[in-house]
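Participant: Before I ask anything, let me first share the structure, which is written out below as structure tokens.
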Amino acid sequence: ILHRDLKPSNLLLSAHGTLKIGDLGSARVHSDPPLEQEYSHQVGTKWYRAPELLFGARQYGPAVDLWAVGVIMGELACLSPLFPGQNDMDQLSRVLHVLGTPTLESWPKVGELPDYHKVAFPDMPPEDLARVFPRVPRKGLGLFESLLRLDPMRRPTVEEALMDCWFLVDPWMCERGELAVVGREVPVKLRGVVGGQERM
């Protein structure tokens, strides 16, 4: 499923650690390999909208959701929105100010996007994300950076993201129903399940 509107308010976490994704009004079934199907680029809440959508992409896949996951991950760490744009142009400007102006080397197919040649930005080098977002945990910085790659082809797949070492470090994942809840003692967990595989 291609959600197309992932954001913190659409993520529902119960007191027992069950995460549910809500608001599937913009969701579409996505095939693998993808069909030559065109979608609207005006989807998703602006602050979490992937740069290819801001450049008018009509053909896209799960990478737009992975971008949103990266933005959400950063927002949870920083306790504030990463790219709070006022409109589409301001949104794109804020993203490029941090991640740098795309080039044919950093994003080979960017010139094929419908709106790429309609706007021009000054040459801006990419910033050091660890400096711009210092509250993102160092152990999760690699995953964070990979999810926020401008080129959607260079973002990890869901399966690759789930295998990131970020999910294998302390604090360990809990079994279902053993998430720490205020006022209740829980056992210390030393293992968890990632992508259907038990990890130590």
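The values are calculated or read from the model by the stated rules, or taken from the named source; none is laboratory data. In this text the structure is predicted, and so the values were computed from the model without any measurement. Here the Cβ is made from the backbone with ideal geometry for all residues, glycine too, and neighbour counts use every protein chain on show. Keep in mind that these areas ignore ligands, DNA and RNA; they rest on the heavy atoms of the full protein, side chains included. Shrake-Rupley method; radii C 1.70, N 1.55, O 1.52, S 1.80 Å.
Participant: Looking at the structure I just gave you, is Gln86 not in a loop (DSSP other than H, G, I, E, B) and not hydrophobic (A, V, I, L, M, F, W, C)?
Facilitator: No; evaluated as a whole, the condition is false for this residue.
Participant: On to the next question. Go through segment 146-162 and count every residue that is open to solvent by less than 70 Å² (accessible area, probe 1.4 Å) and assigned to a loop (DSSP other than H, G, I, E, B).
Facilitator: Final tally of qualifying residues: 6.
Participant: Now for a separate question. Could you look through segment 99-120, keep only residues that are part of a helix (DSSP H, G or I) and buried (at least 17 other Cβ atoms within 10 Å of the Cβ), and pick out the one that is nearest to the chain's Cα centre (by Cα)?
Facilitator: Leu99
Participant: Being touching a residue at least 24 places away in the same chain (Cβ under 8 Å) and of a type in the set (A, V, I, L, M) is the filter here, so list the residues in segment 96-124 that pass it.
Facilitator: Leu96, Val98, Leu99, Val110, Leu113, Val119, Met124 - these are the residues of segment 96-124 that are touching a residue at least 24 places away in the same chain (Cβ under 8 Å) and of a type in the set (A, V, I, L, M).
Participant: Restricting attention to segment 51-66, does a residue exist that is among the hydrophobic types (A, V, I, L, M, F, W, C), assigned to a loop (DSSP other than H, G, I, E, B) and farther than 20 Å from Leu147 by Cβ?
Facilitator: no
Participant: Moving on to the next point. Restricting attention to segment 145-185, and to residues there that are touching a Lys or Arg at 6+ places or on another chain (Cβ under 7 Å) and of a type in the set (A, V, I, L, M), which single residue is modelled with the lowest pLDDT?
Facilitator: My answer is Met173.
Participant: How many residues are among the aliphatic types (A, V, I, L, M) and over 14 Å from Val95 (Cα atoms) when one looks only at segment 121-155?
Facilitator: Looking only at that region, the number is 5.
Participant: For segment 125-145, enumerate the residues that are touching a residue at least 60 places away in the same chain (Cβ under 8 Å) and not in a loop (DSSP other than H, G, I, E, B).
Facilitator: Scanning segment 125-145 gives Gly140, Leu143, Phe144.
Participant: Taking interchain pairs and intrachain pairs at least six residues apart, which have beta carbon atoms under 8 angstrom, with the first residue in segment 17-41 and over 12 Å from Arg4 (Cα atoms) and surrounded by fewer than 12 Cβ atoms within 10 Å (Cβ to Cβ) and the second modelled with pLDDT of 90 or more and of a type in the set (Lys, Arg)?
Facilitator: Glu38/Arg58
Participant: Restricting attention to segment 102-124, and to residues there that are under 19 Å from Phe144 (Cα atoms) and of a type outside the set (Phe, Trp, Tyr), which single residue is modelled with the lowest pLDDT?
Facilitator: Ser106
Participant: Next up: Among the candidates Lys139, Lys189, which residue alone is modelled with pLDDT under 70, surrounded by 13 or more Cβ atoms within 10 Å (Cβ to Cβ) and touching a Cys at 6+ places or on another chain (Cβ under 8 Å)?
Facilitator: Going through Lys139, Lys189 in turn, the sole match is Lys189.
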